[in-house]
Each structure stands twice: as C-alpha cells, then as structure tokens.
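Working notes, beginning with the structure itself.
The values are calculated or read from the model by the stated rules, or taken from the named source; none is laboratory data. All values derive from a computational prediction rather than experimental measurement. So basically every Cβ, Gly included, is an ideal-geometry build from the backbone, and we count neighbours across all protein chains shown.
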Amino acid sequence: MERMEVELFTDGGNDAVVRLPGRHFPGVLIQGDTLRILQADLAELAGLCAAGDLEQARRVASLLQDDLGAKLRRCSEALEAHGIRRPF
C-alpha cells in the first residue's frame, strides 16, 4: 500500500471527486460496496435482456442511467466550481 496526498474537490464519502498526483483531471471515487452494487445491477440487466423481459430491463437500465448520471453531474459540478474544464 502506498500513502499519498490527493486533492478533494467535494466532501468525502461516496462518489467523492478527487485528483490523484500526476493526473490532469479529477475522477470519481466509487466505494467498493457501491461498485459491487453497480456490477450486480448490470448483471441483472443482462439477465433480463437474455430472458426477453424488456419491460423490467428498461426499468433497471433507467435506474442505472439515473445513478451514473448523478455521479457524472456531481463530477461536472465539482470541476466547474474549481474552474477545471471537463475532459468529456
């Protein structure tokens, strides 16, 4: 394990926007449990698609889109607040 200082652009906790040393742009820190939930949701979506249950697949996809959209908005707002152009 290596210890280093990082720049924190938002409050700590889930979805913190941080910049690692040597990186030009900040990123979003996703906690391991949150990452596992995202992976499980994607697995559920894939299973629903494979089973042909498009109505449920649309619902799960919409929830995932909302969740990832909120993370992207948080990142975008943090960059804007600190005068950093978005890399996307």
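Quick notes on this one:
- Subset of segment 65-88 (residues that are over 10 Å from the mean Cα position of the chain (by Cα) and in a helix (DSSP H, G or I)): 65, 66, 76, 77, 78, 79, 80, 81
- Breaking point among (1) surrounded by 15 or more Cβ atoms within 10 Å (Cβ to Cβ); (2) without any contact (Cβ under 8 Å) to a residue 40 or more places away in the chain, for residue 85: (1)
- Positions within segment 32-88 being touching a helix residue (DSSP H, G or I) at 6+ places or on another chain (Cβ under 6 Å) and among the polar types (S, T, N, Q), in sequence order: 56
- Residue within segment 43-61 that is loosely packed, with under 13 Cβ neighbours inside 10 Å and not in a helix (DSSP H, G or I) present: yes
- You will find that of 34, 10, the residue that is in contact (Cβ under 8 Å) with a residue 40 or more places away in the chain and of a type in the set (Ser, Thr, Tyr) is 10 and no other.
- Flag for residue 19 being modelled with pLDDT of 95 or more and in contact with a strand residue (DSSP E or B) (Cβ under 6 Å, 6 or more places away or on another chain): yes
- Among (1) modelled with pLDDT under 95; (2) in contact with a Phe, Trp or Tyr (Cβ under 6 Å, 6 or more places away or on another chain), the one test that residue 78 misses: (1)
- Residue ID - surrounded by the most Cβ atoms within 10 Å (Cβ to Cβ), chosen from residues in segment 10-42 that are hydrophobic (A, V, I, L, M, F, W, C) and touching a Cys at 6+ places or on another chain (Cβ under 8 Å): 17
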